[in-house]
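To keep things clear, I will list the structure first and then write my remarks on it.
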Amino acid sequence: MKALRRAAKTATTAVALTATLALISTACGTDPNRASNGGGDGKGVTLKIWDFSAEQVDFHKLVAAEYHKQHPDVTIEWRSITQSEYTKTLPLAFQSNQAPDIFYWSDSGTNNMNQLLEQQWIKPLTPSGTVPENFLKRWPAGSFVDGINQSGGKTYGFPFSENLYWGPGYMFVNKKVFGDAGLDVNNPPKTWTDLKNACAAVKEKTKAQCIASPSKGKELQRIWGGLAPGLRNEQFFDLKTGKFSIDDPAAVKTFEFIQDLNKSGYLAPGTNDKDFSRQQFAANQAAIYFDGTWMPSVWKSQGFADDQYVVAPHPNPDSGATGALSRQPDGNKYWISSKSAQQEKAWDFLNWMTEPDGYFVKEYYKAGFGTLAFADNKKLVTDPALLNIMKIAETPGYRVNLPVPVLKCPDLAKSKAYLDATAKRPSGEYEVMVEALVGNKPLQPLAAQLVKERQDIFEKTLKEEAAKGLKVSKDCYTFPDWNYTSDYSLDKYKK
Amino acid sequence: MTATLETPAPPDAGATPPARRRTRRRTPDPNRDQVRGFDKLWVFVFLLPFLLLYLGFTLWPLVATVYYSFFDWDGIGPIDNFVGVGNYGSILNDKLFWLAVVNTLIFAVLNTAIKLPLSLLMAIVLTRKWLKGTKVFRTVFFAPLIIPVAMAGLVFTYLLNPSNGALNALLLDLHIVDQPVDVFANRWSALLVLVLVSIWQIFGQYMIYWMAALQNVPEEVYEAADIDGASEWQKATLITLPMIKPVAVVILLLALVNAMHVFGLVVTLTGGGPGTSTYVVSYFIYQEAFGSVPFSYGYASAAALLFSVIAFVLVTSQGVFVRRAQQLRKEYGV
């Protein structure tokens, strides 16, 4: 009897231990690649794509359905994550081996590919690294550049958005509020004084705000992109001198104008995010909103039609523009993840997606999402607001090609100097501007401190890298023969 | 009848000599002796899940944080760039970190200094026998606690928005102000709003703590005081407060430690702004760890540890009071 009881006790203990261990192993043993593999069960392959284009969710569903119809063995799972969360979620996905097969990344501009290679996040578009000639021909000459989207003879990316029309720097004017203020919507402000006068009229004659300008986090970039190009450009690095530049006279003067608008009560009060400001404009609570090429599709998704607003060029200082919006080969945005087990299928999809007369392109333009680098924009764009944006951007000198340091010094592809300098407080420029704006303080001292911190790290790292044998220096970032209002053409690198 | 009241002395308060305490410690625990043989295995089996969770979610992250803090690591690649105490050196010179530390301490002290007396007062009122509808009040005060922090932050963001927020609309309609007030435009007003919203949300929890403490004060003591003709004020100051003092120290400690963890409200209400002026340590760590790519896990780990040390020093400085309080708590039986 005693032995029986002991045996029962032992069995119970064994069951309890087994259950505990099973629970633990279940919790710890998920297969991170399960979703993207999916091919082992004979039902085909699932390709996971991530981006942050919330307004394109329905479009992506259409694309996924069409692709599955044409390629029954492939299912597309296209996920859009809020932009502010995306930059945190994607790295964590890589860290936990749950990265998608294809992902969108545009944070580092022309340095995108180098950064992603450094982080080991990407692999070439095809297993061999080379792409067919008919693929390359979809883009204008000069679109594939070593150090930008090619490296070591392999192609890693492709320009998605073209860079003449696409970008910040447009002024959206609300027809109703302008009308209520007795202003002519067809004659929007052209100079900074015009802008102030229009705001005075809006303030006096309507209950609406004049400019819906978000300022939470780095959202001050919306109005900055609309005013800074009047004097220099919207960048915080001066490629003429090779220095960080939020403290230079042009930047400070632009900021002082924004501060003046704020003091006069022409900026909608509050530290608002972009969605709040966009809604404010679309709800006829603000007369003006500065932003980029993507806005017509954003407002269309919110039910604010293009006949309720007009798009205008950004206003310039009264003495005329001494700068321009920047144009860079930074449209390389979709990448194949290094973690993807479906490189060939991912390539097939991207190849299909970029067919100039394909389903993706047609539907993209039908929805008015913007302008693509691999399609005939003149032929395909039908959205009136987008057409107007194109007309504005085609004005000579509205957007100019910036010099590209990596084309001057190819070793910059391996340099971390610029990344390190901006990694600390990546939104620092906007933080100091917001602090000065709401605190009604001068920008210069705050800006000078930030510039010093950035420049010190930048130059120190360049020197350390040069000492290790890289052919890099501050000179790589310095283009004294360039002026801010004209293109820096490719042939200048050959000198 | 004189109204002189004396705080009832605990049975052996202050009378336990050190030698006696030592003797008591040496007394074998009869329960411990009962756990023998096969039962020991059962004890282990039942403890195992907790031990594993503790190991995985407390001890391991702590050890890992210490380890990471000595590396320049982005959280993704191999951990091979050993920088020694370099991260600590950088943090000590990082003005933003110290601003975050100061803001965190201001928040914690102000938050605690307001919420504890308020919640105690409310708890005293709600434990009065003459008050009707105490359950309703308790529910009302406790309700904000069940609202997620993110939701509370968003609600107040819209309530306080100077463009079309309800508060500003009211102030303007009543002609109290001529221009909308942007409470988030200034460091001090933004911090104050953070404190007040946090108190609004957590108030009920501390009220419940106080109520639990108050309900442990023996009823007979109040009855004796009534016989002696004590007023409500005398009962509160001469009976209630001394009797709940041991628990109060623990509540104070909890309140301070909890307040130092403020994060969600900062994310939703101010985003650390204007500029960086309402950064708190948790938000600083979060921004360092995830704010830019590549991540700075090593730096963030060092910042977390450094602040933990600061918090530890502050908390352990209260340790003397807590130990004394715990002893009193046992002696008072509360």
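Structure summary
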quantity	calculated
Length-normalised contact order for segment A:116-275 - Cα pairs under 8 Å, 6+ apart - percent	18
P(r) histogram, all alpha-carbon pairs of segment A:371-495 included - 5 Å bins from 0, percent	2, 9, 12, 12, 13, 16, 14, 12, 7, 2, 0
Pair B:Thr237, A:Asn483: separation of 7 Å Cα→Cβ label points (nm)	8.1
Fewest-first ranking of A:Lys207, A:Lys123, A:Lys190, using other Cβ atoms within 10 Å as the exposure measure	A:Lys207, A:Lys190, A:Lys123
HN-Hα J in Hz across segment A:394-403 - Karplus 6.51, -1.76, 1.60, θ = phi - 60°, x for Gly and Pro	6, 4, x, x, 6, 9, 10, 5, 7, x
Overall Cα dimensions of chain B - principal axes, largest extent first, Å	72, 70, 36
Cleavage-rule hits (GluC sites (Glu not before Pro)) in segment A:337-394: DSSP loop, at most 15 neighbouring Cβ within 10 angstrom	A:Glu394
For chain B, built as a Gaussian network whose Cα springs stay under 10 Å, the top-fluctuating residue of B:Val221, B:Val281, B:Val249	B:Val221
Among B:Trp233, B:Trp200, B:Trp98, residue whose mean-square fluctuation peaks in a GNM of chain B (springs only between Cα atoms under 10 Å)	B:Trp233
Cα-centre dipole for segment B:88-332 with unit charges at Cβ (Lys and Arg positive, Asp and Glu negative), debye to 20	420
Of the DSSP H helices in chain A, those whose Cα atoms cover at least 18 Å axially and whose Kyte score averages -1.0 or more	A:2-28, A:57-70, A:83-95, A:192-205, A:249-263, A:443-467
Exceeding the 28 Å Cα-Cα cut-off - candidates A:Lys253/A:Lys378; A:Lys176/A:Lys274; A:Lys414/A:Lys452; A:Lys154/A:Lys243; A:Lys61/A:Lys274; A:Lys175/A:Lys441	A:Lys253/A:Lys378; A:Lys154/A:Lys243; A:Lys175/A:Lys441
Cα-centre dipole for the protein assembly as shown with unit charges at Cβ (Lys and Arg positive, Asp and Glu negative), debye to 20	2520
Estimated inter-spin distance, B:Leu154 and B:Val102, nm [label 7 Å along Cα→Cβ]	3.4
Pairs of Cα atoms farther than 42 Å apart, chain A, %	24
Cα-centred dipole magnitude for chain A, charges only on beta-carbon of K, R (+1) and D, E (-1), debye, nearest 20	1300
Under-5 Å amide H pairs with A:Gln150, H placed in peptide plane, nonlocal only	A:Val145, A:Tyr156
Chain A, relative contact order in percent, only Cα pairs under 8 angstrom and at least six apart counted	20
Candidates B:Val136, B:Val197, B:Val257, ranked by Gaussian network fluctuation over chain B, Cα under 10 Å, top entry	B:Val136
Under the span-like rule (Cα at least 20 Å along the axis, Kyte-Doolittle mean at least -1.0), DSSP H helices of chain B	B:38-54, B:95-126, B:187-215, B:241-260, B:297-317
Amide H contacts under 5 Å for A:Asp291, placed H, 5+ residues apart	A:Gly169, A:Tyr170, A:Phe172
Options B:Ala225, B:Trp188, A:Leu231, ranked by Cα towards positive dipole end of the protein assembly as shown, top entry (Cβ charges)	B:Ala225
Neighbour-count ranking [beta-carbon atoms within 10 angstrom, fewest first] of A:Cys210, A:Cys199	A:Cys199, A:Cys210
Ranked list, fewest to most other Cβ atoms within 10 Å of each Cβ, for A:Trp482, A:Trp347	A:Trp482, A:Trp347
Relative contact order computed over segment A:257-372 (Cα-Cα under 8 Å; 6+ residues apart), in percent	22
Under 5 Å, built H, 5+ apart or other chain: amide partners of A:Val74	A:Val45
Semi-axes of the equivalent ellipsoid for the protein assembly as shown, Cα gyration tensor, largest first, Å	56, 37, 27
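Quick note: the coordinates plus some simple rules give every number you see, no bench work behind them. If you're wondering where the values come from, they're calculated on a predicted model, not measured in any experiment. When we count neighbours, we look across all protein chains shown, and the Cβ atoms used for this are built from the backbone with ideal geometry, even at glycine.
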